[in-house]
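Scroll down for the structure; my scribbles are underneath it.
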Amino acid sequence: MYAVALNVAPIFLLILIGWLTVKARLFKAEASDVLSDFVFKIAVPTLIFRTLAEADFHGASPFKLWITYFAGVAITWAAGQLVTTYIFKQDLRVSVIAGISSAFANNIFIGLPLVGRSVGNDGIVAISILLVIHLPIMMIAGTILMENATHKVVGGERRSAFAVLKQVGRNLATNPLVIALLLGLCFNMIGASMPVVFTTVIDQIAAMAGPAALISLGMALTKYPVRGNLHISATITAFKLLLLPACVWATAHLLGLNPAWTSALVLTSCVPTGINSWLLANRFGIGHSIAASTISISTLFGVLTVSLWAWLLS
């Protein structure tokens, strides 16, 4: 367990460094936006492209991987939403935010570095395949549920599912992660090779992805204070850090997923809540405190639970 904790600790120390740079006023909190853009638009897409261009898939199908992960997401999201509605007696819109906060893992900024460090290249392949549909599915589900909840609570018009899908489809067409994944798969299938100088540059940019993602996340956490509804946030955090990875682990074994992919999915599912839950709350103007508190609390306790899951998988 001690050895596992030493392997996980650098992940959270880099997050702490990012947080301290803002708290010590070395950088403004807004600097995290620039660094996050670099991570999302350049560094992580480069890592995904390089990984998939060189990957050996061994004939593995992505469908088992997707079913494994999203079965866990569905169970955890439902649990978070139902508990918030019927036990904590919250507004249906708040319950949707609680549900997505319990099931939306920070796969890009924490999951990728953690899996790369703990599982290696096979794990990065699994996360790359997951990432191409993770954000679209989560945001489509969250948007449709929030619009339905808003319609039930306050009335007004609501968009059709087709309109939501159309909007997300337009966004995907320019999504750097999707473009990188498609290019990487194309290079893999045709067996193309790049000049050494390009390979060197790509390797150097890809190597920045993990540290830059973690530091930018730490800087961004200063925007998400812990406040109000702590009993709900604590419950949702427990679902995120314990229930979701447990469901993913059980489904992976039920479907016979290979060990590397199982470890990758469980590890990325046990990381803290991603900031997209707060973005959804901000868009609909409700549930900010629950989303922000869950992000911060899950990150604070994540070092313990991630170490636990890494130890159980070792």
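Filter segment 286-299 down to the residues that are assigned to a helix (DSSP H, G or I) and more than 11 Å from Ser233 (Cβ to Cβ), then identify the one that is modelled with the highest pLDDT.
Selected residue: Thr299.
With respect to Gly169, determine if the residue is surrounded by 13 or more Cβ atoms within 10 Å (Cβ to Cβ) and either in contact with a His (Cβ under 8 Å, 6 or more places away or on another chain) or in a helix (DSSP H, G or I) (or both).
Criteria not met by Gly169.
Within segment 182-206, can you find the residues that are within 19 Å of Ser36 (Cα to Cα) and either open to solvent by 70 Å² or more (accessible area, probe 1.4 Å) or under 19 Å from the mean Cα position of the chain (by Cα) (or both)?
Correct list: Gln204, Ala206.
If you go through segment 78-89 one residue at a time, do you hit one that is touching a Phe, Trp or Tyr at 6+ places or on another chain (Cβ under 9 Å), crowded, with 24+ Cβ neighbours inside 10 Å and modelled with pLDDT of 95 or more?
yes
Being within 30 Å of Arg25 (Cβ to Cβ), in a helix (DSSP H, G or I) and open to solvent by 10 Å² or more (accessible area, probe 1.4 Å) narrows it down to one of Trp261, Trp278, Trp249, so name that one.
Trp278
So which of Gly116, Gly142, Gly111, Gly99 ends up being in contact with a strand residue (DSSP E or B) (Cβ under 7 Å, 6 or more places away or on another chain) and within 22 Å of Ser298 (Cβ to Cβ)?
So the residue among Gly116, Gly142, Gly111, Gly99 that is in contact with a strand residue (DSSP E or B) (Cβ under 7 Å, 6 or more places away or on another chain) and within 22 Å of Ser298 (Cβ to Cβ) is Gly111.
Report every pair of residues separated by at least 6 positions or lying on different chains whose Cβ atoms are under 6 Å apart, first residue within segment 281-301 and free of Cβ contacts under 8 Å to residues at least 60 places away in the same chain and buried (at least 22 other Cβ atoms within 10 Å of the Cβ), second part of a helix (DSSP H, G or I) and of a type outside the set (D, E, K, R).
Partner pairs satisfying both residue conditions: none exist.
Among the residues of segment 252-284, write down those that are within 17 Å of Met138 (Cβ to Cβ) and not hydrophobic (A, V, I, L, M, F, W, C).
Thr268, Ser269, Pro272, Thr273, Gly274, Asn276, Ser277, Asn282, Arg283
For segment 166-193, name all the residues that are farther than 10 Å from Ile48 by Cα and of a type in the set (Gly, Ala, Ser).
Gly169, Ala173, Gly191, Ala192, Ser193
Test Leu47 against the stated conditions and say whether it is surrounded by fewer than 14 Cβ atoms within 10 Å (Cβ to Cβ) and of a type outside the set (D, E, K, R).
It is false that Leu47 is surrounded by fewer than 14 Cβ atoms within 10 Å (Cβ to Cβ) and of a type outside the set (D, E, K, R).
What number goes with the only condition from (1) open to solvent by 30 Å² or more (accessible area, probe 1.4 Å); (2) part of a helix (DSSP H, G or I); (3) modelled with pLDDT of 90 or more that Phe40 does not pass?
With respect to (1) open to solvent by 30 Å² or more (accessible area, probe 1.4 Å); (2) part of a helix (DSSP H, G or I); (3) modelled with pLDDT of 90 or more, Phe40 is out only on (3).
Among the helices (runs of 4 or more DSSP H) confined wholly to segment 53-160, which include 3 or more residues that are of a type in the set (Gly, Ala, Ser) and touching a residue at least 40 places away in the same chain (Cβ under 8 Å)?
Result: 62-86, 92-103, 121-154.
Specify the residue that is nearest to the chain's Cα centre (by Cα); the eligible residues are those in segment 98-119 that are of a type in the set (Val, Ile, Thr) and open to solvent by less than 30 Å² (accessible area, probe 1.4 Å).
Ile108
Could you check segment 219-238 and list, in sequence order, the residues that are open to solvent by 40 Å² or more (accessible area, probe 1.4 Å), assigned to a helix (DSSP H, G or I) and over 30 Å from Val34 (Cβ atoms)?
Result: Leu230, His231, Ala234, Ala238.
Sort through Val22, Val34 and tell me the only one that's more than 18 Å from the chain's Cα centre (by Cα), in a helix (DSSP H, G or I), in contact (Cβ under 8 Å) with a residue 60 or more places away in the chain and more than 25 Å from Leu244 (Cβ to Cβ).
On inspection, the qualifying residue turns out to be Val22.
For segment 62-98, what are the residues that are within 24 Å of Cys270 (Cβ to Cβ) and hydroxyl-bearing (Ser, Thr, Tyr)?
Thr68, Tyr69, Thr76, Thr84, Ser95 - these are the residues of segment 62-98 that are within 24 Å of Cys270 (Cβ to Cβ) and hydroxyl-bearing (Ser, Thr, Tyr).
Please verify whether Ser95 is modelled with pLDDT of 95 or more, surrounded by 21 or more Cβ atoms within 10 Å (Cβ to Cβ) and hydroxyl-bearing (Ser, Thr, Tyr), treating the condition exactly as stated.
Considered against the rule, which asks whether it is modelled with pLDDT of 95 or more, surrounded by 21 or more Cβ atoms within 10 Å (Cβ to Cβ) and hydroxyl-bearing (Ser, Thr, Tyr), Ser95 comes out as yes.
The values are calculated or read from the model by the stated rules, or taken from the named source; none is laboratory data. Everything quoted here is computed from the prediction, not taken from an experiment. Glycine also receives a Cβ, built like all others from the backbone with ideal geometry; neighbour counts cover every protein chain displayed. Please note that ligands, DNA and RNA were not included when accessible areas were found on the heavy atoms of the full protein model with its side chains. Shrake-Rupley method; radii C 1.70, N 1.55, O 1.52, S 1.80 Å.
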